[in-house]
Amino acid sequence: MDRSVETPKQERIVCVDVLRGFDMFWLVGGAGVSLGIFRFFPEPFKTTLSNQLEHVAWIGFRFYDLIFPLFLFIVGMSVVFSLGRLIEEKGRVQAYKRIFRRFALMFVLGVLYSGGMTHGWSGIRWMGVLQRLAFGYLFAGLLFCHLDWRGLLTVCATLLVAYWALLCFVPLPGHNGISWAPGENWACYLDAQWLPGRKHDGAWDPEGILSTLPAIVTALLGLLSAQLLISERFTPWRKFAGFMAAGIALVAGGYLWGFEFPIIKKIWTSSYVLVAGGYSVLLLGLFYLIVDIWQIRWWTTPFIWIGVNPLTIYLLRNVVDFNVLAARLVGGSADSSVLGDGLYLLRMIVSLGLSLSVVWYLNRKRLYLRV
């Protein structure tokens, strides 16, 4: 198999770090600052914009529903960067070792992030955000070792169509028809029957067993995008055009599919995969245009600080409540809902500033958490 497109001989593509940092920015304080700014907006703009920084309860799609799949998309991109040259120089066995080592480390970190043994053995949350990232990396890495882009596209289509067929045409045991109510689908049913430990949503988990399969496609879309990004067969402008065309097609296809197979993040429906994947590709193309083609980089530094240490700050904010630290420095009621608009915004700015201070220091000392 020709892997010339997967072993670049070029300088680092900066837009990937910036995009990763942009994605994590919303989780480490950016959302709070934005919500604080929106408090000063008149209605209906305040409510409309604020809603975009909250997850949809069930069916639908908002900006905040893109944060998780975008990171999984970027994890898929990392497969190409971390394994392409390794396979060519040292073979697949070494690639397998790296894949399984990273999978195991990220899975364990995910269990610890979700509370570990805090609630006892029966209270362990076995499937969570980092665990889903781990599975995405595992399967994307293994498939990358054996398939070219045509094979990867075939896997994507097969998984999405099979998931659609199961959820749309096969009723649950004891049911006469298909329902899109929460909990009344195969993803939730299998979690309730077979997933041990603590589930995030009671009887089932939004990062559960069956919904991991379409989530693998999200990682594969990132992998395929990275192959195009580092390819020497196309000019930068053709790559940008390809990203725009593919992104628009995926978003449009996802929304059209959503009329039959609703866009539901909590069970990672196939339509959700296409919509989130399409927006991810569009963002990659936009960042590639601005950062690497036009080389407009004056604004990228904070995002790079986050982007080269995303796991560190993500884990740290789970252990240390930066909002509480900010409250100690700024003052005000413990109940953020009763804070004045100015005080709330100041507290969120301080919280974000603490996060940025950490990643700035780590980057300055060249300290990076790798798994």
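Of the residues examined, residue 367 is one that is farther than 30 Å from residue 240 by Cα and surrounded by fewer than 20 Cβ atoms within 10 Å (Cβ to Cβ). Every condition in (1) closer than 21 Å to residue 16 by Cβ; (2) surrounded by fewer than 18 Cβ atoms within 10 Å (Cβ to Cβ); (3) among the polar types (S, T, N, Q) is met by residue 318 except one, and the failing one is (1). Identify, please: which residue in the range 349-364 is within 22 Å of the chain's Cα centre (by Cα) and farther than 17 Å from residue 319 by Cβ and is, among those, surrounded by the most Cβ atoms within 10 Å (Cβ to Cβ)? Ranking the candidates gives 352 first. Kindly indicate whether any position in the range 322-331 is crowded, with 21+ Cβ neighbours inside 10 Å, among the small types (Gly, Ala, Ser) and within 22 Å of the chain's Cα centre (by Cα). For the range 322-331, residues crowded, with 21+ Cβ neighbours inside 10 Å, among the small types (Gly, Ala, Ser) and within 22 Å of the chain's Cα centre (by Cα): absent. Could you check, for the range 272-288, whether at least one of its residues is in contact with a strand residue (DSSP E or B) (Cβ under 8 Å, 6 or more places away or on another chain), over 16 Å from residue 32 (Cβ atoms), touching a residue at least 60 places away in the same chain (Cβ under 8 Å) and among the hydroxyl-bearing types (Ser, Thr, Tyr)? Within the range 272-288, one or more residues are in contact with a strand residue (DSSP E or B) (Cβ under 8 Å, 6 or more places away or on another chain), over 16 Å from residue 32 (Cβ atoms), touching a residue at least 60 places away in the same chain (Cβ under 8 Å) and among the hydroxyl-bearing types (Ser, Thr, Tyr).
Taking the range 113-131, which residues are surrounded by fewer than 21 Cβ atoms within 10 Å (Cβ to Cβ) and part of a helix (DSSP H, G or I)? If the condition is that a residue be surrounded by fewer than 21 Cβ atoms within 10 Å (Cβ to Cβ) and part of a helix (DSSP H, G or I), then 113, 121, 122, 123, 129 are the ones that fit.
Report whether or not residue 110 is under 21 Å from the mean Cα position of the chain (by Cα), farther than 30 Å from residue 257 by Cα and not in a helix (DSSP H, G or I). No: the conditions fail for residue 110.
Each row is one residue, and each column tells you yes or no for (1) of a type in the set (S, T, N, Q); (2) out of contact with any strand residue (DSSP E or B) (no Cβ under 6 Å at 6 or more places or on another chain); (3) in a helix (DSSP H, G or I); (4) in contact (Cβ under 8 Å) with a residue 60 or more places away in the chain.
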residue: 219; (1), (2), (3), (4): no, yes, yes, yes
residue: 223; (1), (2), (3), (4): no, yes, yes, yes
residue: 234; (1), (2), (3), (4): no, yes, no, no
residue: 246; (1), (2), (3), (4): no, yes, yes, no
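In the range 314-331, the condition of being out of contact with any Ser or Thr (no Cβ under 7 Å at 6 or more places or on another chain), among the polar types (S, T, N, Q), farther than 21 Å from residue 242 by Cα and without any contact (Cβ under 8 Å) to a residue 60 or more places away in the chain is met by no residue.
Just to be sure, is residue 201 touching a Lys or Arg at 6+ places or on another chain (Cβ under 7 Å), among the acidic types (Asp, Glu) and on the phi < 0 side of the Ramachandran plot? Here the answer is no, as residue 201 does not meet what is asked.
Has the range 146-154 got any residue that is modelled with pLDDT of 95 or more, within 23 Å of the chain's Cα centre (by Cα) and among the β-branched types (Val, Ile, Thr)? So far as the range 146-154 goes, yes, one or more of its residues are modelled with pLDDT of 95 or more, within 23 Å of the chain's Cα centre (by Cα) and among the β-branched types (Val, Ile, Thr).
How many of the residues making up the range 203-217 are in a helix (DSSP H, G or I) and without any contact (Cβ under 8 Å) to a residue 60 or more places away in the chain?
Here is the first cut: in the range 203-217, the residues in a helix (DSSP H, G or I) are 212-217.
From the residues that got through so far, the ones that are without any contact (Cβ under 8 Å) to a residue 60 or more places away in the chain too are 213-214.
Within the range 203-217, residues that are in a helix (DSSP H, G or I) and without any contact (Cβ under 8 Å) to a residue 60 or more places away in the chain number 2.
The values are calculated or read from the model by the stated rules, or taken from the named source; none is laboratory data. Computed from a predicted structure; not experimentally measured. Cβ sites come from the backbone with ideal geometry, for glycine too, and all protein chains shown count toward neighbours.
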